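Written out below as structure tokens is the structure these notes cover.
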Amino acid sequence: MALHTRDQAPREGKAPAQRPVSNWKPGRGEYLLFLRDSFEVYEAFEDIINDTKDFEALRDTGLERTSALKKDFQWFKSQYNIQTPQCGQPGEAYATFLRNLAKEGEAEVGGESSASNWKPKFICHYYNHYFAHTAGGRMIGKKMGDMLLDSHTLEFYKWESCDVRKAMEAVKGTIDEMAEGWGEEEREECLRETKNTFKYAGGLLSYMRGPV
């Protein structure tokens, strides 16, 4: 909780205060940049999960977001004639970080799909990123939709293929099962990685907090 700002957690929050969501005033271009960078990050998550045998239980959970974002990019083009931009630095940095985490971890064990400390770190990012989107992310999506898109709800904030609450509970159970097989060092690695999840997620949100 210390990684939250005082606005987010008045008692425990110690991170520097950020501009509150109620004061964000991005344009459609900035919002689309956020969505494009988010796509890059979710694609990295999905690729790593699909390429890692130990993450097989996290495949096709219904929480995946790349297909939804592709539909939203098409909608922006048809509705506002706005082309999908190239990925920006925040999204590229986060996606690269995740992919390097997986590559370095697999290199350490000679390419074998066995336990190594990169997996608890990755799960920390996965849990924080996906579950933040189903909570605070939807709040941001509603505000941006009301402000910029004539109250349109993007596919990014819909889970039509599943009951999102049940999907979240199932994924939580899967992660708990994974964690049962971790040693103390791996649990500590997972906990310590939380700081990086806030760092990279904050970079993505910078598009909407102020000028980029």
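Coordinate-derived values only; no laboratory data. Predicted, not measured: the structure shown is a model, and the values here were computed from it. We place every Cβ from the backbone using ideal geometry, glycine too, and count neighbours over all the protein chains shown.
Tabulated data
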{"item": "Amide H contacts of Ile82 (H built 1.01 Å from N, under 5 Å, at least 5 apart or other chain)", "result": "Lys77"}
{"item": "Equivalent ellipsoid, the range 34-209 (semi-axes from 5 times Cα gyration tensor eigenvalues, Å)", "result": "30, 17, 15"}
{"item": "Pairs beyond 32 Å (Cα-Cα), from Lys25/Lys119; Lys25/Lys166; Lys77/Lys103; Lys71/Lys103; Lys158/Lys199; Lys77/Lys195", "result": "Lys25/Lys119; Lys25/Lys166; Lys77/Lys103; Lys77/Lys195"}
{"item": "Additional length obtainable on full extension of the chain from Thr194 to Ala179, 0.36 nm per residue less Cα span", "result": "3.9 nm"}
{"item": "Distance in nm between pseudo-label sites at Lys172 and Arg187 (7 Å out along the Cβ direction from Cα)", "result": "1.9"}
